[in-house]
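The values are calculated or read from the model by the stated rules, or taken from the named source; none is laboratory data. For clarity, every value in this text was computed on a predicted model and none was experimentally measured. For neighbour counting, all protein chains shown are included, and Cβ atoms are generated from backbone atoms with ideal geometry for every residue, glycine included.
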Amino acid sequence: MGFKIDHVHLVCEDVEGMMSFFERVFEAKRIGYLPDFKGSASGALELENIRIFVRGLRLDWIPDCVAPGRVQGLDHFGLTVDDVVATAETLRERGAEISVEPHPGGFGGRYICYVKGPENIDVEISGPWAGFGA
């Protein structure tokens, strides 16, 4: 049995703002938008081989019983690149806020940085670290 990622699903207040962020900063392609899908605006983006679904808060939304303070969002998801430092600079030029500067602190010695997204969404950018295993 082989598993592949199907999508990342973000819940937010401003669907258009969230989608625009991923289009501008990561050059994601908008592949769908519905102004009312089961009670909230919803959209879909394609970023390389990852689909990102974005849904607005619904009127009847109730906080999760496991994490009552967390109604929306996602802690972070990670994207991998060959050169984290160069990618961070390109994203910064596109208007991204780098909340954690590139450094060798990722799992397994990977080089990582974090991009601050709308509504407290973080995107981790990771890549190989030349010093790992040396």
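The table for this structure:
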{"item": "Filter result for Ile62 (closer than 27 Å to Tyr111 by Cβ, part of a loop (DSSP other than H, G, I, E, B) and either β-branched (Val, Ile, Thr) or at pLDDT 90 or above (or both))", "result": "no"}
{"item": "Residue count for the range 68-108, restricted to those that are under 28 Å from Tyr33 (Cβ atoms), modelled with pLDDT under 90 and either surrounded by fewer than 12 Cβ atoms within 10 Å (Cβ to Cβ) or not hydrophobic (A, V, I, L, M, F, W, C) (or both)", "result": "7"}
{"item": "Selected residue (criterion: farthest from the chain's Cα centre (by Cα)) from residues of the range 21-59 that are surrounded by 15 or more Cβ atoms within 10 Å (Cβ to Cβ) and among the polar types (S, T, N, Q)", "result": "Ser40"}
